[in-house]
Amino acid sequence: MKILLIEDEENAAKTLQKGLTELQFHVDHACDGQEALKRTEFHRYDVIISDIVMPLMNGIEFIKKIRENGIKTPVLLLSAIDDIDNKISGLNTGADDYLVKPIHFNELIARINALVRRSESVSDSSVKLTFHDLEINLTSKEVIRSTKKIILTTKEFALLVYMVKNQSRVISKTELTKFVWDIDFETNTNVVEVYINYLRNKIDKPFNKKLIHTVFGSGYILKSE
């Protein structure tokens, strides 16, 4: 899962980023709304966590801008101000949730997971994922690369979807076994390697450009370079 954290207070940002990263979230950090706005132009996030009071562009202004740009990513606002008018202002602008500081980390994780579930449940039935010349229809389960239809098993499809949603970052075997197979990682299992090989035979082997790359000692990454 890819998260954009917008927080101008350095210690708070480091603490949150460390905790989220330890749970296998990929976290990009921006110090203000303007920097965050630029990041949303080039990256797709599953959740955005934003402080309200920030320099250059505050959290409310940031949300207004991304909603005007058609970005529907769930936004969780953080604020030290426990005021109902402040909450209403944030939610009316386009925020999806509001959490008052100081935050409890476990509650933050629960709120993030709830936002993701809600976002997935209301996704358009024809939503598609794309990467390079690869296209995935999440409803019909149809996978196409360079106009060629590719037949995948249920688990191969789930693995590919997870990798495309987390494209351009290294994904560990531990993360894949947890989120694709929903099992605890065991050092002697080779299920990930087996299914990565299955995918490569179908997604990469018939084409000139490789998309699935091994990062030795770390995991796998989907990239078109």
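The values are calculated or read from the model by the stated rules, or taken from the named source; none is laboratory data. Everything quoted here is computed from the prediction, not taken from an experiment. Note: ideal-geometry Cβ built from the backbone for every residue, glycine included; neighbour counts use all protein chains shown. Accessible surface is based on the protein model in full, side chains and every heavy atom, while ligands, DNA and RNA are left aside. Shrake-Rupley method; radii C 1.70, N 1.55, O 1.52, S 1.80 Å.
Within the range 14-31, is there a residue that is open to solvent by 70 Å² or more (accessible area, probe 1.4 Å), within 30 Å of T174 (Cα to Cα) and aromatic (F, W, Y)?
no
Given the criteria in contact with a helix residue (DSSP H, G or I) (Cβ under 8 Å, 6 or more places away or on another chain), under 19 Å from G19 (Cα atoms), open to solvent by less than 80 Å² (accessible area, probe 1.4 Å) and of a type in the set (G, A, S), does S89 qualify? Break it down into steps so the answer makes sense when it comes.
Values: in contact with a helix residue (DSSP H, G or I) (Cβ under 8 Å, 6 or more places away or on another chain): yes; under 19 Å from G19 (Cα atoms): no; open to solvent by less than 80 Å² (accessible area, probe 1.4 Å): yes; of a type in the set (G, A, S): yes.
For S89, the condition - in contact with a helix residue (DSSP H, G or I) (Cβ under 8 Å, 6 or more places away or on another chain), under 19 Å from G19 (Cα atoms), open to solvent by less than 80 Å² (accessible area, probe 1.4 Å) and of a type in the set (G, A, S) - is not met.
Among the residues of the range 86-108, write down those that are of a type outside the set (D, E), within 17 Å of E7 (Cα to Cα) and at pLDDT 75 or above.
First, pick out the residues of the range 86-108 that are of a type outside the set (D, E): 86-95, 98-106, 108.
Now narrow it down to the ones that are within 17 Å of E7 (Cα to Cα): 90, 95, 98-105, 108.
The answer is A95, Y98, L99, V100, K101, P102, I103, H104, F105, L108.
What's the total number of residues in the range 199-225 that are open to solvent by less than 50 Å² (accessible area, probe 1.4 Å) and part of a strand (DSSP E or B)?
Step one: filter the range 199-225 for residues open to solvent by less than 50 Å² (accessible area, probe 1.4 Å), giving 199, 203-204, 207, 211-213, 215, 219-222, 224.
Still in the list and also part of a strand (DSSP E or B): 212-213, 215, 219-222.
Of the residues in that region, 7 qualify.
Give the number of residues within the range 45-56 that are crowded, with 18+ Cβ neighbours inside 10 Å and over 25 Å from Q167 (Cβ atoms).
Selection size over the range 45-56: 3.
From R111, R118, which residue is at pLDDT below 90 and either touching a Gly at 6+ places or on another chain (Cβ under 8 Å) or surrounded by 14 or more Cβ atoms within 10 Å (Cβ to Cβ) (or both)? Explain how you work it out, then say what you get.
Working: R118 fails: either touching a Gly at 6+ places or on another chain (Cβ under 8 Å) or surrounded by 14 or more Cβ atoms within 10 Å (Cβ to Cβ) (or both).
Of R111, R118, the one residue that is at pLDDT below 90 and either touching a Gly at 6+ places or on another chain (Cβ under 8 Å) or surrounded by 14 or more Cβ atoms within 10 Å (Cβ to Cβ) (or both) is R111.
Filtering the range 130-173 down to residues that are assigned to a helix (DSSP H, G or I) and among the β-branched types (V, I, T), which residue is least open to solvent (accessible area, probe 1.4 Å)?
The qualifying residue least open to solvent (accessible area, probe 1.4 Å) is V164.
On the basis of being modelled with pLDDT under 85 and of a type in the set (D, E), does E41 make the cut?
Numbers: modelled with pLDDT under 85: yes; of a type in the set (D, E): yes.
Yes, satisfied.
Can you list residue pairs whose Cβ atoms sit under 7 Å apart, with the first residue in the range 198-223 being under 18 Å from K155 (Cα atoms) and the second being of a type in the set (D, E) and surrounded by 15 or more Cβ atoms within 10 Å (Cβ to Cβ)? Count only pairs 6 or more apart in sequence or on different chains.
Listed by first residue and then by second, the contacts come to Y198/E156; L199/E156; I212/D204.
Consider E193 carefully, then state whether it is open to solvent by 60 Å² or more (accessible area, probe 1.4 Å) and modelled with pLDDT of 90 or more. Spell out the reasoning first.
Working: open to solvent by 60 Å² or more (accessible area, probe 1.4 Å): yes; modelled with pLDDT of 90 or more: yes.
Judged against the criteria, E193 is a match.
Residues in the range 76-84: is at least one in a helix (DSSP H, G or I) and farther than 29 Å from Q167 by Cα? Spell out the reasoning first.
From the range 76-84, those in a helix (DSSP H, G or I) are 84; that's our starting set.
With the extra rule that they be farther than 29 Å from Q167 by Cα, the set shrinks to 84.
There is at least one residue in the range 76-84 that is in a helix (DSSP H, G or I) and farther than 29 Å from Q167 by Cα.
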